[in-house]
Amino acid sequence: MPASEPEIPLPEEGAPRWNLGNFVGSGYDRGRGPLWQVAWMLVSGIVVVRWWCPVRLRIAILRWFGATIGDNVVLRHRVRIHWPWKLSVGDRSWIGEDVWVLNLEPVTIGSDVCVSQSVLLCTGSHDRHSPTFEFDNGPIVIDDGAWIAARATILRGTRIGKNSVIGATSLVTSDVPDGSFVRAPRSDVRAPRAERLSGSHDRDPV
């Protein structure tokens, strides 16, 4: 039998599971000093995310702050990038409005990749076994030709294979092989009640 996941020790009755006051953020390297961090937050909030900022200027600023961005990349307004120096984008890729690249660890996006509106690329997490709730982060890689459709979420430590499609609102928690199609559960659309009753006497499930 496969080894089971270790149980988290239960706290004393009435006590919280973690002591967040002792959190130290071990293992997380921001990659640049405080001045770079503050400068990026100011420039990002004032210029980069704004609708009036031209794409060329937006990309030039990201490169100046350490991002690696290829040719003919389209990066729309309201795209939030946590640390540009931990971002790499290949040629001809598109990043749509309201995308959030929460790259505490490196995010690598290949060439000819489409990241649609409101996608979340989240490299950050926490160790639920840690008594101080320390980080459990990991990089994200999106290979060439992939499409991450609207409102999908890609979690830390995952790789999206070449030419894969991640359907709208999908949640990805593990590697996706090349050429795969990941689709979120769809709504079960049913006929109006009167129509169902006229065609069948079966009772509807609750």
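The values are calculated or read from the model by the stated rules, or taken from the named source; none is laboratory data. Everything quoted here is computed from the prediction, not taken from an experiment. Reconstructed Cβ throughout: ideal geometry from the backbone, glycine too, with neighbour counts over all protein chains shown. Just so you know, the surface numbers come from the protein's heavy atoms only, side chains and all, with ligands and any DNA or RNA stripped out. Shrake-Rupley method; radii C 1.70, N 1.55, O 1.52, S 1.80 Å.
Using the structure shown, decide if PHE135 is free of Cβ contacts under 8 Å to residues at least 60 places away in the same chain, more than 18 Å from GLY90 (Cβ to Cβ) and among the aromatic types (Phe, Trp, Tyr).
On the way: free of Cβ contacts under 8 Å to residues at least 60 places away in the same chain: no; more than 18 Å from GLY90 (Cβ to Cβ): yes; among the aromatic types (Phe, Trp, Tyr): yes.
No; evaluated as a whole, the condition is false for this residue.
Can we say VAL113 is more than 14 Å from the chain's Cα centre (by Cα) and over 24 Å from TRP51 (Cα atoms)?
Numbers: more than 14 Å from the chain's Cα centre (by Cα): yes; over 24 Å from TRP51 (Cα atoms): no.
No, not satisfied.
Taking the range 123-169 only, how many residues are small (Gly, Ala, Ser), out of contact with any Lys or Arg (no Cβ under 8 Å at 6 or more places or on another chain) and farther than 28 Å from SER26 by Cβ?
5
Quick check on my filter: what residues within the range 75-114 are open to solvent by 40 Å² or more (accessible area, probe 1.4 Å) and hydrophobic (A, V, I, L, M, F, W, C)?
Residues satisfying the conditions are TRP94, TRP100.
When the range 97-148 is examined, which residues are found to be assigned to a loop (DSSP other than H, G, I, E, B) and of a type in the set (Val, Ile, Thr)? Steps first, please.
Pass one, the range 97-148, residues assigned to a loop (DSSP other than H, G, I, E, B): 97-99, 103-106, 110-113, 116-119, 123-125, 127-134, 136-139, 143-146.
Selection gives VAL99, VAL113, VAL119, THR123, THR132.
Could you please let me know if SER44 is surrounded by 19 or more Cβ atoms within 10 Å (Cβ to Cβ) and over 18 Å from ILE148 (Cβ atoms)? Give the derivation first.
On the way: surrounded by 19 or more Cβ atoms within 10 Å (Cβ to Cβ): yes; over 18 Å from ILE148 (Cβ atoms): yes.
Here the answer is yes, as SER44 does meet what is asked.
Taking the range 28-39, which residues are within 19 Å of THR123 (Cα to Cα) and open to solvent by less than 80 Å² (accessible area, probe 1.4 Å)?
At the first step, the residues of the range 28-39 found to be within 19 Å of THR123 (Cα to Cα) are 28-32, 37.
Result: TYR28, GLY31, ARG32, GLN37.
Restricting to the range 47-72, name every residue that is assigned to a loop (DSSP other than H, G, I, E, B) and either loosely packed, with under 14 Cβ neighbours inside 10 Å or free of Cβ contacts under 8 Å to residues at least 24 places away in the same chain (or both).
Within the range 47-72, the first condition is being assigned to a loop (DSSP other than H, G, I, E, B), and the residues that meet it are 49-54, 65-67, 70-72.
Selection gives ARG50, TRP51, TRP52, PRO54, ALA67, ASP71, ASN72.
Looking at the range 151-167, I want the residues that are closer than 10 Å to CYS122 by Cβ and touching a residue at least 40 places away in the same chain (Cβ under 8 Å) and have a partner that is open to solvent by less than 10 Å² (accessible area, probe 1.4 Å) and in a strand (DSSP E or B) with Cβ atoms under 7 Å, at least 6 apart or on another chain. Which pairs are those?
ARG156/ILE140
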